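Worksheet for the structure shown next.
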Amino acid sequence: MVVGELNGKPLTDYSSVACWMGSASTDPIRARIRRRELVVLEAFCAEQHNDPDTIIAAARADRDVKNEYMRSLKRWVASYAPEGRERHEAENAIRSFFIANGMRVIAKPYRDVYHKS
């Protein structure tokens, strides 16, 4: 699989991803971050066995479906990234994708990131 593609189609060709990318600034540092976030989105979509547009359409149609995506994000990210900042950034990438596409997403503080002793 080529990074940045899902089912042989570039991720940026999906309207939900174009909406998400359109919400980003043109700052070169932010562009590098977006490329990393695309990798995370690609992995999340593969785990969900759905493309980004299908995920967003289902989440828009039913709040319970959206909430299940958020619960599955928590489960998935535990195996995708180690504890700490990398995991936190992966979760933020997916939440950002949902938010940019009109979803209301609530995030709770993470003890491992914000409450270190």
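Do we have residue 31 as part of a loop (DSSP other than H, G, I, E, B), open to solvent by less than 60 Å² (accessible area, probe 1.4 Å) and modelled with pLDDT under 90 here?
Details: part of a loop (DSSP other than H, G, I, E, B): no; open to solvent by less than 60 Å² (accessible area, probe 1.4 Å): yes; modelled with pLDDT under 90: yes.
Answer is no for this residue.
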(message) I'd like the full set of residues that are closer than 19 Å to residue 88 by Cα and in contact (Cβ under 8 Å) with a residue 40 or more places away in the chain, limited to region 43-62.
(response) 44
(message) Being modelled with pLDDT under 90 and open to solvent by 70 Å² or more (accessible area, probe 1.4 Å) is the requirement here; does residue 111 meet it?
(response) yes
(message) Please go through region 87-105 and give me each residue that is part of a helix (DSSP H, G or I) and either loosely packed, with under 14 Cβ neighbours inside 10 Å or not charged (D, E, K, R) (or both), ordered by number.
(response) 88, 90, 92, 93, 94, 96, 97, 98, 99, 100
(message) When you scan region 52-74, do you find a residue that is touching a strand residue (DSSP E or B) at 6+ places or on another chain (Cβ under 9 Å) and either at pLDDT 95 or above or assigned to a helix (DSSP H, G or I) (or both), even just one?
(response) yes
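Within region 14-34, is there a residue that is basic (Lys, Arg) and over 16 Å from residue 95 (Cβ atoms)?
Yes, some residue in region 14-34 is basic (Lys, Arg) and over 16 Å from residue 95 (Cβ atoms).
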(request) List every residue pair whose Cβ atoms sit under 8 Å apart, with the two residues 6 or more apart in sequence or on different chains, where the first one lies in region 5-18 and is open to solvent by 60 Å² or more (accessible area, probe 1.4 Å) and the second, anywhere, is in a helix (DSSP H, G or I). (result) 12/18; 12/21; 12/38; 15/53
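If you go through region 51-85, how many residues are under 21 Å from residue 13 (Cα atoms) and surrounded by fewer than 17 Cβ atoms within 10 Å (Cβ to Cβ)?
Going through region 51-85, the residues under 21 Å from residue 13 (Cα atoms) turn out to be 51-60.
Still in the running and surrounded by fewer than 17 Cβ atoms within 10 Å (Cβ to Cβ): 54, 57-58, 60.
Matching residues across region 51-85 total 4.
The values are calculated or read from the model by the stated rules, or taken from the named source; none is laboratory data. All of these numbers come straight from a predicted model, not from anything done at the bench. Neighbour counts run over all protein chains shown; Cβ positions are idealised from the backbone, glycine included. Just the protein is used for accessible areas: all its heavy atoms, side chains included, with ligands, DNA and RNA removed. Shrake-Rupley method; radii C 1.70, N 1.55, O 1.52, S 1.80 Å.
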